[in-house]
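Laboratory data are not the source of any read-out in this text; all were calculated from the coordinates shown. Quantities reported herein were computed from a predicted structural model and do not represent experimental measurements. A quick note on method: Cβ atoms are made from the backbone with ideal geometry, for glycine too, and the neighbour counts reach across all protein chains shown.
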Amino acid sequence: MLEQLLIFTRGGLILWTCKELGNALKGSPIDTLIRSCLLEERSGAASYSYDAPGASYTLKWTFHNELGLVFVAVYQRILHLLYVDELLAMMRREFSEIYDPKRTVYNDFDETFRQLRREAEARAEELKKSKQTDKPVNNKKKQGQVQKAGSDKGSKKSEGSLATDGGDGDKAKGHKLENGHSNGNHVEMEEPRAGVVNGKENTSSNISAFDVSKLQKRTKGGKKTDTVVNKGSKPDPKKKATKKNRVWDDAPPETKLDFTDPVDGNGSGNDNIEVVAANQGESMMDVEEIISSDSEGEVDDNVQKDSKPEAKKKGWFSFMFQSIAGKANLEKEDLEPALKALKDGLMTKNVAEEIAEKLCESVAASLEGKKLASFTRVSSTVQAAMEDALVRILTPRRSIDILRDVHAAKEQRKPYVVVFVGVNGVGKSTNLAKVAYWLLQHNVSVMMAACDTFRSGAVEQLRTHARRLQIPIFEKGYEKDPAIVAKEAIQEATRNGSDVVLVDTAGRMQDNEPLMRALSKLIYLNNPDLVLFVGEALVGNDAVDQLSKFNQKLADLSTSPTPRLIDGILLTKFDTIDDKVGAALSMVYISGAPVMFVGCGQSYTDLKKLNVKSIVKTLLK
């Protein structure tokens, strides 16, 4: 049953809601759909799932792009309503005939909706019955050698349950096959409803399973495999012995190569290294970037090439007449060549394939049905729509002014805590030092916390940066719990009056569960003000995997009911990629977090803000 159905304009004016469906929705599913799907260029998706305390909803929608209308239906996720898509399409057709931009009330549409709903439900019921009658024949063909029915009654029940699943019968079958016969091993499943005899099912599984006894006979009969293994396991007498360290007669005994300085109880090391002057000038964060306007009027060459043959096919007169009068309505076939060229262009700029495809689907959904203006090509219209979409995605949805947040925390007499997370080797410690240098230029007192207690040399690396920048560092050495070290560092900063605590963490792969659990504990225990994901600008498709799995692990492994996820992104090695800037788009799209810093060099000043216009221009060049 539908929970809510409404029609509103792209400006947010609600024109009509179904009064019969006056159910109070839990949470705000429609606001969330607009905020995180329609405005974030994810409107090409088929549906949107919304979870609220005590309810789970599925939202479906459709557009009338020429009139600027949005049609949204909300229903419980547990229900598989087959008629929703058809009902929305019929509503769009009927409502567009009575729509008037000057009207704001459409009470006369209630009766039309009731009729459309009855028609859609009747068609869905007919489709359901036709599937129910056709499925037994198909099931016998598909399951020919997989399993046999125990009795007619049992098979009818199983097929009936598949038919009433609302079109998910194939998924159920796939799940059964996956559990029962994956990797050639048989797994016994108790299914009293299906009426499958255990003996028959076992015989069928033995046919498809791998015969291990034959393999054992072959390995016993032929000794080749055993001899190969034995040869590999025996030590080779001719193998060269490893070189040992030379010991001189008057040399002192060997000591352990541990260059870690002794640490006192407060976590501060001895300053034995000469301090290097770290004043390298003004940070690039405070320098305004000037964009050249050379490429503003450029159009993608591939799009032009795709549009030229189409013009030749139609003929010169028809092409000129269409360009003067304008095309009636844009259809999906008209948009496909330009969208394909744009997708290929984005992928060459290092945008993940999945992200490029979703963006093109969203742009197609926003343009389909619109009227093409006079003297305008389809390619230029598509490119303008894509440019607007990219600007909207990359522009932060919230304030990213860290200095303002630092002063707000200072007024509450507590330090502002920033945690740097990411995979191995992306430059977390180096860019942490760059952020510290930028904060020092704005008269903000900074303290570093060496919470990478896993990698050898990590504490020494951070200590070197602290000495160069002449700022305090809190460290406890190696093999300590990073969550406890971070907690003690924050307490020390509170006592000393430090404004900001920059927490360095160990690099970890997104699939390493023990390290991800430790990171989740650190974030939960210390509740930092900002969680920065440090990622390379060199990655392509892996950016989607890294960020989505980091967020997923932080959510799954957290013990809090409202887990903290990634708040912002620091993009490193941006000076090494030339025009392959697609990683920024992939990371922002998949996480929804803004790019707050961009690392573009090896010195402390090489840190700047993301210039959205420059990135968009490079992506569409």
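Spacing of the modelled spin labels on Leu82 and Ala555, each 7 Å from Cα toward Cβ, amounts to 3.1 nm.
Computed about its Cα centre, the charge dipole of the range 402-620 is approximately 420 debye, with only Lys, Arg, Asp and Glu carrying charge at their Cβ. Multiplying the residue separation of Phe454 and Asp511 by 0.36 nm and subtracting their alpha-carbon distance yields 18.8 nm. Under 20 Å from a label point 7 Å along Cα→Cβ of Asn107: give me every residue in the range 1-23 with its amide N that close. Counting only backbone N, you get 5-8, 14-23. When peptides 349-357, 105-113 are ranked by their average number of other Cβ atoms within 10 Å per residue, the highest-first order is 349-357, 105-113.
From most to least packed by mean Cβ count within 10 Å, the peptides 396-403, 53-60 give 53-60, 396-403.
The residue list Leu335, Leu346, Ala385 was ranked by how far each Cα lies along the charge dipole of the range 326-398 toward its positive end, using unit charges on Cβ atoms, and Ala385 comes out on top. Given the convex hull of the Cα atoms of the range 510-554, what is a quarter of its surface area in nm²? With every direction weighted equally, the projected area is 3.3 nm².
With the convex hull of the Cα atoms taken as the outline of the range 2-125, the averaged projected area works out to 7.6 nm². Each Lys or Arg adds one and each Asp or Glu subtracts one; over the other residues with Cβ under 13 Å from the Cβ of His465, this totals +1.
Only the Cβ atoms of Lys and Arg (+1) and of Asp and Glu (-1) were treated as charged; on that basis the dipole of the range 2-125 about its Cα centre amounts to roughly 220 debye. Convert 37 °C to kelvin, take the viscosity as 0.692 mPa s, use the Kirkwood radius over C-alpha pairs of the range 330-394 as Rh, and evaluate the Stokes-Einstein diffusion coefficient in µm²/s, rounded to a whole number. Rounded, D is 275 µm²/s. Using the Cβ-Cβ distance between Asp578 and Ala373 with R0 set to 45 Å, the FRET efficiency from 1/(1 + (r/R0)^6) comes to roughly 0.80.
What is the list of residues in the range 5-26 whose amide nitrogen lies under 14 Å from a point 7 angstrom out from the Cα of Ala55, following Cα to Cβ? It comes to 5-6, 21-26, nothing else.
Each of Gln412, Ser558, Gly477 was scored by the projection of its Cα onto the charge dipole of the range 402-620, and the greatest displacement toward the positive side belongs to Gln412; charges sit on the C-beta of Lys, Arg, Asp and Glu. Once the Cα-Cα distance is subtracted from the 0.36 nm per residue extended length, the Lys26 to Glu126 segment shows a gain of 32.7 nm.
Please compute the volume of the convex hull spanned by the alpha-carbon atoms of the range 470-581 and report it per residue in Å³. Please report the intermediate quantities before stating the final value.
Working: hull volume 15.1 nm³, N = 112.
Spread over its residues, the Cα hull of the range 470-581 gives 134 Å³ apiece.
Taking the Cα centre of the range 402-443 as reference, the dipole from Cβ charges on Lys and Arg (+1) and Asp and Glu (-1) amounts to some 60 debye. Between Asn527 and Arg114, the FRET efficiency estimated from the beta carbon spacing at R0 = 41 angstrom works out to 0.20.
Descending by average beta-carbon neighbour count within 10 Å, the peptides 590-598, 90-98 line up as 590-598, 90-98, the highest first.
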